[in-house]
1. For the stretch 337-359, give me the residue count where each residue is on the phi < 0 side of the Ramachandran plot and either open to solvent by less than 40 Å² (accessible area, probe 1.4 Å) or part of a loop (DSSP other than H, G, I, E, B) (or both).
2. Collect the residues in the stretch 371-394 that are part of a loop (DSSP other than H, G, I, E, B), in contact with a strand residue (DSSP E or B) (Cβ under 7 Å, 6 or more places away or on another chain) and open to solvent by 10 Å² or more (accessible area, probe 1.4 Å), keeping them in residue-number order.
3. From ARG115, ARG123, ARG103, which residue is at pLDDT 90 or above, touching a His at 6+ places or on another chain (Cβ under 9 Å) and open to solvent by 40 Å² or more (accessible area, probe 1.4 Å)?
4. Filter the stretch 246-291 for residues that are part of a loop (DSSP other than H, G, I, E, B) and in contact with a Leu (Cβ under 7 Å, 6 or more places away or on another chain) and give the result.
5. Would you check which residues across the stretch 66-97 are touching a residue at least 40 places away in the same chain (Cβ under 8 Å) and touching a Lys or Arg at 6+ places or on another chain (Cβ under 8 Å) and list them?
6. Just need a number here: residues in the stretch 90-100 that are surrounded by fewer than 17 Cβ atoms within 10 Å (Cβ to Cβ), in a helix (DSSP H, G or I) and of a type outside the set (Lys, Arg).
7. List the number of the failed condition for ASP265; all other conditions in (1) out of contact with any Gly (no Cβ under 9 Å at 6 or more places or on another chain); (2) under 24 Å from LEU294 (Cβ atoms) hold.
8. Residue by residue through the stretch 72-89, note down the ones that are assigned to a loop (DSSP other than H, G, I, E, B), farther than 16 Å from GLY24 by Cβ and among the hydrophobic types (A, V, I, L, M, F, W, C).
Amino acid sequence: MDLDQRFADSMGALLGPSFPSEIGLAVSGGGDSMAMLTLAHNWTKRWGVNLQVVTVDHGFRPEAAEEAAMVAEECATLGWPHETLRWNWDGKGNKMQAAREARLRLIDGWRGSLRHVLFAHTRDDVAEGFLMRLARGAGVEGLAAMAPRRRVHGFEVVRPCLDMGREELRHYLTVLKGRWADDPTNDDPSFDRARMRRLLSVLADEGLGADVLSGAAQRMARARRALAARAAQAWEEAGREGQGCGVPTGEILFSRGRFAALERDTQLRLLAAALMWVSGNPLRPRITALEPLLDRLLSGGGGTLHGCEAVAERSDIRIFGEFKANATCLERGPQDRPALWSCDLRGLRKLGEDGWCQLPGDARARHPHRAARALPSVWEGDMLRACPALGFGPKVTLEFLPMGARSLTFRQFLMTH
């Protein structure tokens, strides 16, 4: 079956049978994304879908501006609108991870009313990612293949080329006399992915090519879905979202006895999800840090991880925000993540020691001191005005926004992240 038909079949499975009137495409100028642009252009002739194309220039290489211009020229030839978005790294954190997060954030701001944006991830990307995470000691969650359709920020990332190989996409472009640019970092051994790409070519000679590793990743993805369903069932039996005086606290609690009776993989999955939920960090904590924390909790202790504190209390395991990790509750979270809280009043920040000292005794009795410090509260200068979860002050409209989403339950989060 030729690539055009495979692309059409993939689009039908992902977005059909009633296709949106407009779809976005993220095109870098590399061979994979330029082939996807051509495939999508040919596909629209039959289905009448309009395309909008975006290129993100991360500013890492001087050639990137020329590559974005090449994409713009190709889009003009094909008759589709194109825009280049630029981003500059501030030098903080992991460079490549920051770039990936920035790309999604910039595309979200660009997309307007578009609900779907196509990304040109391939079977080779799946295989390389599998090897990278295997080298880090990942389990089922990390080794599972990327989803062909996934919601991020306010839109859906759609990957119609996951069953296609890098070489066949370039062959497709070559036959059609298409253009693309080769990124020299793909051959730079200082990058993990470049080293895994080179290793993959060696493994292919031993029967462990991209198709085999991608197939293993797909089977891991099936196992992940089954384990997520088990974790959701266990959540209903052993967990609850934190509440205080009828308002959310942004905490997760597990019954110690019921949690201890769960199988270890489910415990790890619930704990990882709780840390992500409470912190608003979309990245899963590393298993090498997660397992020791779980052992301490099961032994009656606790610890900090992922911007959270976790403690074993008399009856519950409580996961709550680490006060020092982010002392404010602003409209945007740390590292430009979506806000964790929405409030109808200004002056929202964590309670802290100063707020705790201003509370009357009856309010303090409603919550453990250590966890209370991370509760959202309303301030006027240095004066605490309200802490809804402790029943202090006037009525305040307060909403917890895990991953920036309204009305997302922890169970839903378990099934989708």
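The values are calculated or read from the model by the stated rules, or taken from the named source; none is laboratory data. From a predicted model like this one, the values you see are computed outputs, not experimental measurements. Every residue, glycine as well, gets a Cβ built from its backbone with ideal geometry; the counts of neighbours run over all protein chains shown. Protein only, heavy atoms only, side chains kept; ligands, DNA and RNA dropped before computing areas. Shrake-Rupley method; radii C 1.70, N 1.55, O 1.52, S 1.80 Å.
1. 15
2. Scanning the stretch 371-394 gives ARG373, ALA374, GLY393, PRO394.
3. Step by step, each of ARG115, ARG123, ARG103 is checked, and only ARG103 is at pLDDT 90 or above, touching a His at 6+ places or on another chain (Cβ under 9 Å) and open to solvent by 40 Å² or more (accessible area, probe 1.4 Å).
4. Residues satisfying the conditions are GLY280, PRO285.
5. Correct list: MET70, GLU74.
6. Here the count works out to 3.
7. (1)
8. Correct list: TRP87, TRP89.
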